[in-house]
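**Student:** Sharing a structure here in structure tokens format.
The values are calculated or read from the model by the stated rules, or taken from the named source; none is laboratory data. The shown structure was predicted, so the numbers you read here are calculated from the model rather than taken from an experiment. Cβ placement follows ideal geometry from the backbone for every residue including glycine, while neighbour counts extend to all protein chains displayed. What goes into the accessible areas is simple: the full protein's heavy atoms, side chains included, and nothing from ligands, DNA or RNA. Shrake-Rupley method; radii C 1.70, N 1.55, O 1.52, S 1.80 Å.
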Amino acid sequence: MRDTMDELKGKNVSDGTNPTHLHAVPARAARVHGEKLLDGQRQADGAGGPEEEQFSLNDDRRVKILSPGALVAKRFFRNRLAVTGLSILVFMFLFSFVGGLVSPYTEAQIFYRYDMQRKEFASVTENTEFRFAAADSARFDAIIQAQMILAIQKQSETFSYRDTDYSLKNEGNDLYSLSVAGESAPIGIAFKDIVSPSTAGEDLSFDFRFAALRAAAAGESAFSAEGVDYTLDETGGIFRGNEEYAYVSRYVVQAIMPDVFLTRAFKEELTDTIAEDSEKFLFTDADGVEHEYSITYDAATKAWSVLQATETRKFDTYSAPSREHWLGTDRNGMDMLTRLMYGGRVSLIIGFIVVIIETVIGVILGGISGYFGKWVDNLIMRIVDIFYCIPSMPIIIILGAAMDAMRVDPQIRMLYLMLTLGFLGWPSIARLVRGQILSLREQEFMTATEACGVRVSRRIFRHLIPNVIPQLIVICTMGIGSTMLTEATLSFLGLGVKFPFASWGNIINDVNDTFVMTSYWFIWIPAGVLLLLTVLAFNLVGDGLRDAFDPKMKR
């Protein structure tokens, strides 16, 4: 036993330790000594091999420390649904903000096309009623004309009106002249055949009309009027020399436009087509352009309507998807894909700005209410209750109708819309911030800030509000999607974003009837899908952030 003690004493002396304190060797020294022996054993076992750096169990380099932000990001990117939502949002931002820059078209660029369009060109009636013409400076008013018709029906040659006797003479087939008794010159005539000029701007006198109608009724081939000789052919053409001056016809053909002159050739082609009971004919005008005309008969008015088919430049509305327009065009002839890009930009900007306004107001009032408490908290919470009771949608509808009546500029109108939505939507954020601060203000770090003399504003906005930011991020992310839906609803009702600005809501507003909805799917389905995916993506990202900030909620 003594020999063993001597050996231990010698060993301790050689190691530099006091043998009297052998029982007090620290545990750390023993562990280090054990680690040295273990290293020596490893070196002995691996003699001749490469030296490897060894770490002790208490070495700080063995522990990988992540910051709170990195932990949140790690948990977020493990959530597949949240990553899917984030990918959709990245695509929507690129589509809206970058797509508009690379698009070859502008937001309000209108496209046109040329179509064959049928427009009402003329009307035709077969004259079966008497028409009247008065001599120059003669009294031949409507009452005398009515008395004349009664005399014709009674086959009477005279009648009296207001102490004046009139003489009625039958000049031929459906032609009558009226004169004052004892005078030879007629004061007016009643006729059914129409004398029309052959050239534009020609004004036919009463004497010429009367002479031409009398010659046509009598079947004569020549007559004189106002000292000029005229010839009359079998077709009713009246010639002065070798040039056609006028013609006689039973049909009344009138152009719809007052500046359009209808030639006799056109009228004869038209009347021949009506006589053949045909519905279409072709005619080449004086400029050498051939047009197709269609004829329809209206039994109610007993008249024919003449429609002219002309190549018309019009808006390229509701054009089907093509190489030039991948998603077609809308009712204004604008490229749908470009409108969707700019519409997404407007919808996203409105969503973010409204949420920023809500957050700023809610954080300020909620922070003040939660920190000070007492009467300040009571006052602000009553204001929140008042805002909760305000019917926001009717107010927005009334404001939209008022701006319509005042014809507010679309850009200013969009600003008013954002301010209104932001001012009405802050109470929920204020309550969230107040609730969080009520629990945070009683913790030790707030007692420390008070003891250090930190001013109140710094305590609220530097120490309390940052602890509420995770919850704010979640509620703001979900609020953007809700705001976009509200804007889309208002724009669909015509109370939000106005033309020429585009938003996904007013794009869907183009579907204003069943025909457009069923026939032109490319107008409303893409905008609806983009709106659906964007709101869904914001909700997925919001759920992912909530789980990342507080993983206990997922258990």
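**Student:** Per residue, how many Å² of accessible area does the chain show with a 1.4 Å probe?
**Tutor:** 59 Å²
**Student:** Further, regarding this structure: Using Cα pairs under 8 angstrom and six or more residues apart, how large is the relative contact order of the chain, in percent?
**Tutor:** About 17 percent, as a whole number.
**Student:** Follow-up question, since we're still on this one. So how do Ile396, Ile364, Ile357 rank on accessible area, 1.4 Å probe, biggest first, that is with the largest at the start?
**Tutor:** Ile364, Ile357, Ile396
**Student:** I've got another one for you. Could you order Val376, Val433 so the one with the most accessible surface comes first? Probe is 1.4 Å.
**Tutor:** Val376, Val433
**Student:** Report the far tail of the P(r) of region 372-425, meaning the percent of Cα-Cα pairs longer than 13 Å.
**Tutor:** Roughly 65 percent, rounded to a whole number.
**Student:** Next question. What percentages make up the Cα-Cα pair-distance distribution of region 323-373 when the bins are 5 Å wide from 0?
**Tutor:** 4, 18, 13, 12, 10, 9, 8, 7, 6, 6, 4, 3, 1
**Student:** So for region 128-280, what percent of the C-alpha to C-alpha distances run longer than 23 Å?
**Tutor:** Pairs farther apart than 23 Å: 43 percent.
**Student:** Here is a further query. What are the DSSP H helices in the chain that stretch 24 Å or more along their long axis, judged by alpha-carbon atoms, and whose average Kyte-Doolittle hydropathy comes to at least -0.5?
**Tutor:** Passing helices, by number: 336-372, 469-492, 521-549.
**Student:** Sum up the charges of everything whose Cβ sits under 15 Å from the Cβ of Ala402, counting Lys and Arg as +1 and Asp and Glu as -1, but leave Ala402 out.
**Tutor:** Neighbour charge sum, excluding Ala402 itself: +1.
**Student:** Would you mind counting up the charge near Tyr105? Only other residues with Cβ under 11 Å from its Cβ, with Lys and Arg at +1 and Asp and Glu at -1.
**Tutor:** Result for the local shell: -2.
**Student:** In nm², what is the average projected area of the convex hull enclosing the Cα atoms of region 313-421?
**Tutor:** 10.1 nm²
**Student:** On the accessible surface of the chain, probed at 1.4 Å, how many percent belong to carbon and sulfur atoms?
**Tutor:** On the chain, the fraction of accessible area on carbon and sulfur atoms equals 56 percent.
**Student:** Where does the chain land at 222 nm, in deg cm²/dmol rounded to the nearest 500, when only DSSP H runs of n ≥ 4 count, each adding -39500 (n - 2.57), divided by all residues?
**Tutor:** -16000 deg cm²/dmol
**Student:** Here is a follow-up. So I have [x] 104, 31, 15; [y] 43, 24, 22; [z] 38, 29, 21, and one of them is semi-axes √(5λ) of the Cα gyration tensor in Å calculated from this model. Which one is it?
**Tutor:** Given [x] 104, 31, 15; [y] 43, 24, 22; [z] 38, 29, 21, the structure-derived one carries the label [x].
**Student:** While we're on this one: Using Cα pairs under 8 angstrom and six or more residues apart, how large is the relative contact order of region 279-364, in percent?
**Tutor:** Once divided by the residue count of region 279-364, the mean separation gives 13 percent.
**Student:** Sort all Cα-Cα distances of region 121-181 into consecutive 5 angstrom bins from zero, then give the percent of pairs in each bin up to the one containing the longest distance.
**Tutor:** 4, 14, 29, 24, 13, 7, 4, 3, 1, 0
**Student:** Moving to a separate point now. More than 21 angstrom separation, counting every C-alpha pair in region 195-302; what % is that?
**Tutor:** Distances greater than 21 Å cover 44 percent of the Cα pairs.
**Student:** Normalise the Cα radius of gyration of region 418-555 by 2.2 N^0.38 Å (N = residues in it) and let me know the number.
**Tutor:** Here the Cα radius of gyration is 1.48 times the empirical estimate.
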